[in-house]
1. For the chain, what does the accessible surface come to per residue with a 1.4 Å probe? Please give it in Å².
2. For Asp137 and Asn172, FRET efficiency with R0 = 22 Å and r from the beta-carbon atoms, rounded to 0.05?
3. What angle, in degrees between 0 and 90 and rounded to the nearest 10, separates the Cα long axis of helix 151-164 from the longest principal axis of the Cα atoms of the chain?
4. Show me the three semi-axes of the equivalent ellipsoid for region 1-154, from the C-alpha gyration tensor (sqrt of 5 times each eigenvalue), largest first, rounded to whole Å.
5. What's the Kirkwood radius of the chain in Å, using all Cα pairs?
6. Residue-wise, which Karplus ³J(HN,Hα) couplings in Hz belong to region 50-56, taking 6.51 cos²θ - 1.76 cosθ + 1.60, θ = phi - 60°, and x for glycine or proline?
7. Going by average Cβ density within 10 Å per residue, which order do the peptides 151-157, 15-21 take, highest to lowest?
8. Using only alpha carbon positions, build the gyration tensor of region 172-231, then give the equivalent ellipsoid semi-axes as the square roots of 5 times its eigenvalues, largest first, whole angstrom.
Amino acid sequence: MVGLSVGEKHFIQGGIAQDLRTDGRKRLTYRPISVETGVIAQANGSARVKMGKTEVIASVKAELGRPSSSAPDKGKVSIFIDCSPTAAPQFEGRGGEELSMELSAALRQCLLGGKSGAGAGINLSSLSIVEGKVCWDLYIDGLVISMDGNVLDALGAAIKAALSNTGIPKVNIASVATSDEQPEVDVSDEEFLQFDTTAVPVIVTLTKVGRHYIVDATTEEESQMSSAVSVSVNRQGLICGLTKRGGAGLDPSVILDMISVAKHVSEQLMNKLDSEIAAAEAMEED
């Protein structure tokens, strides 16, 4: 928990009310964002993202698997987040486990949609190799290295950057199997297909402090929130997922307004992230 005096709390709340936050930003302005790709050699794709003093790493590992019987024409994606004990004092010992589970669940909701897959930002059908027989299983791991607020949005950005850095090995079907047999597949060591991230959304968290909401909240600002709504929005402006945290209830009209603001803000975040990813990949190639 962040220990703030009464005066510090009033200063934070008053600044947000006047659209001038303690670090000089307006309510809907992000901190500086930087992206580095290819940071883990053993992964199929990886990225490091910094938002202000919040720093996270995401990696993607692709392995051959068998589709589930309920979705034979789709691959599978698993998301797991870990919080480094050095990221924040409360993460020492087992303190980070609860947040790790919360973040993992929120990212699954934001990126993979509901149980039916409706609204999924990651196209699971593109991971199918032989329907009902062979598919790609993607294992997405995230690590929170340093935390100063807005960690869910930073992880979402890192996953998007890592997926854009991901090369899926080309697969040739060596033999056609009968209905009871598994087909033989030949996985290339040299040819890779770039993972399509066109539909992968960004996550925008709006944190409500007093009567106003802000983006990219710091840890101190989050300590003053009544609630927060995280909305994942893709390039077409479609909502892929939504999660809420904080004990205070929100009127449906307020949630609709927050979604509208999130869709507007997502455009600038998407453009900034795409620019940073392109620059990072160009640097990696050099």
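The values are calculated or read from the model by the stated rules, or taken from the named source; none is laboratory data. On a predicted model such as this, the values are computed, not experimentally measured, just so you know. Neighbour counts run over all protein chains shown; Cβ positions are idealised from the backbone, glycine included. Protein only, heavy atoms only, side chains kept; ligands, DNA and RNA dropped before computing areas. Shrake-Rupley method; radii C 1.70, N 1.55, O 1.52, S 1.80 Å.
1. Working: 14170 Å² over 286 residues.
Per residue, the chain has 50 Å² of solvent-accessible surface.
2. Values: r = 19 Å, r/R0 = 0.85.
The calculated FRET efficiency here is 0.70.
3. Roughly 30 degrees, rounded to the nearest 10.
4. 36, 17, 15
5. Numbers: mean 1/r = 0.0500 Å⁻¹.
Final number for the Kirkwood radius of the chain is 20.0 Å.
6. Each residue's phi maps through the Karplus curve to give 10, 10, x, 9, 8, 10, 9 Hz.
7. Details: 151-157: 27.0, 15-21: 15.9.
Going by the mean number of other Cβ atoms within 10 Å, highest first, we get 151-157, 15-21.
8. 51, 14, 10
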